[in-house]
1. Scattering from the C-alpha atoms of segment 153-281 alone, worked out with Debye: what is log10 I(q)/I(0) at q = 0.09, 0.14, 0.18, 0.21 1/Å?
2. Can you list the trypsin sites (Lys or Arg not before Pro) in segment 262-356 that are in a DSSP coil and have 16 or fewer other beta carbons within 10 angstrom?
3. If r is the Cβ-Cβ distance from Val51 to Arg242 and R0 is 30 Å, what FRET efficiency results, to the nearest 0.05?
4. Apply the Karplus curve 6.51 cos²θ - 1.76 cosθ + 1.60, θ = phi - 60°, to the phi angles in segment 353-359 and return the couplings in whole Hz, x for Gly and Pro.
5. Hey, what's the chain come to in accessible area per residue, 1.4 Å probe, Å²?
6. From the Cα gyration tensor of the chain, with a ≥ b ≥ c the square roots of its eigenvalues, which class applies: rounded if a/c is under 1.5, or else prolate if a/b is larger than b/c, or else oblate?
7. With +1 on each Lys and Arg Cβ and -1 on each Asp and Glu Cβ, how big is the dipole of the chain about its Cα centre, in debye rounded to the nearest 20?
8. I'd like the distance between the alpha-carbon centres of segment 196-231 and segment 81-158, rounded to an integer number of Å.
Amino acid sequence: MALLDTPRPSTRLRDRAIRVVEAATTPLLPADYLDLFAPLRSGADLRGRIVSVHPETADAATIVIRPGADWAGHVPGQYLRIGIDVDGVREWRAYSLTHGPRADGNISITVKGVPGGKVSNHLVHDSRPGTLIHLEQATGDFVLPERLTARTKLLFVTAGSGVTPVVGMLRNLFPVTDEGVLMFGSRRRATDEQPLDITVVHVAPSRPESIFIDNLHELHEAGAINLVDRYDDVHGFLDVARLEELVPDLAERTTYACGPAGLLDALATHHEERGLELFTEQFRPVVISSGEGGTVTLEKSGVSLELDGATTILDAAENAGVLMPSGCRMGICMGCVLPMREGAVRDLRNGEITTATPGETNTGGVPIQTCISAAAGPCHIDH
Ligand SMILES: Cc1cc2nc3c(=O)[nH]c(=O)nc-3n(C[C@H](O)[C@H](O)[C@H](O)COP(=O)(O)OP(=O)(O)OC[C@H]3O[C@@H](n4cnc5c(N)ncnc54)[C@H](O)[C@@H]3O)c2cc1C
Ligand code: FES
């Protein structure tokens, strides 16, 4: 055993060489120099380089990214978190991948700028090819089953930027090449050579604001999907209670939906009443509860903030210039959890109160998700 643990001469030599280089390059380490010249190499923190930015609509763009060598791939429908520096602050947000595995090894996301949105507007209007961004591996369970057959009948309901994960799935099922739409993509060949039965109900405020509408029409014309597109300015808001009029065989279909919380809630009620299967992906949390607010003290940062009962601690701290950990910003990923030493916070999704009392609760503090928590009285957070 001892023999196995003894470094081999070549390892000793390598370690000594690294120490010599470290001494010569202090305060920067060799890895820091490697990061400058080969930031996408295997073993480095996962990063990506923006390859190109393609406008989709007036306020949406597709960003093509060359991921680092350790990118582990994804299943269409999944999302990844990206970290990007905006005004000198590293911001993390989640974006769905809008393609299947690509021959060039790149990945793409499609971002719609939201009013007042820090990262989305930066990505859409100011991001440039060559920029390095931070990545996390793909995640999420808004994906199609492993095995699809011609008997699988699907309904996709997409609204606004909620079309992104669905386009990722469709592009994987029906790759578009110079010859047009391939009706038998990789997943299809694994099953049978019958067309899948897919209806897409796509909703947008207007056709010019509709991301990927040309792709959806192309798929429709090739017979890959049956597209029902509805525009608020032409057809009025989609009334989910009348979905059967648009999709008469709705009861035979499994529904995948992505869009604003109001639409997803209405679909959930509609499908539950009829015993229908529904899978959803949500881009932002539903705030249903607010309370009294209070003073939040971020102890290590030496910052005290007066918060109303509807603003999340994450938003308020970031707005005050505090560097906060974050991720999905909607209570899923736990990337924003910090210990609360003392005080009370309210979960804005359901109104639940979490308290920390020194001497009674965990000495290390009670973990709270700052992205969905508002102050419910004075609280002290270890950050
Ligand atoms: C799993 C997942 C996948 C996602 N995929 C995509 C995607 O493919 N394309 C895409 O464009 N976005 C996607 N998002 C949303 C994205 O992560 C950001 O929330 C969005 O880009 C807004 O970030 P921001 O920094 O611009 O806004 P912030 O500066 O964080 O917020 C500014 C204001 O906009 C509001 N806001 C925040 N998010 C939204 C939103 N989604 N819609 C409307 N208003 C919002 C906030 O309440 C706030 O008032 C996804 C989110 C999740 C959780
Ligand atoms: S940022 Fe994902 S749970 Fe808070």
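The values are calculated or read from the model by the stated rules, or taken from the named source; none is laboratory data. Bear in mind that the values here come from a model prediction, so they are computed numbers and not experimental data. A quick note on method: Cβ atoms are made from the backbone with ideal geometry, for glycine too, and the neighbour counts reach across all protein chains shown. Areas reflect the complete protein model, heavy atoms only, side chains present, ligands, DNA and RNA absent. Shrake-Rupley method; radii C 1.70, N 1.55, O 1.52, S 1.80 Å.
1. -0.25, -0.60, -0.99, -1.30
2. Numbers: sites: Arg274, Lys300, Arg329, Arg341, Arg346, Arg349; in loops: Lys300, Arg329, Arg349.
Those that pass, being in a loop and sparsely packed, are Lys300, Arg349.
3. Details: r = 43 Å, r/R0 = 1.43.
So the FRET efficiency works out to roughly 0.10.
4. Here the 3J(HN,Hα) series is 9, 10, 10, 10, 10, x, x Hz.
5. Heavy-atom SASA per residue in the chain reads 49 Å².
6. On the way: a/c = 1.98, a/b = 1.23, b/c = 1.60.
Because a/c hits 1.5 or more and a/b fails to exceed b/c, the chain counts as oblate.
7. On the way: 34 positive and 50 negative charges, 301 e Å.
For this selection, approximately 1440 debye.
8. 20 Å
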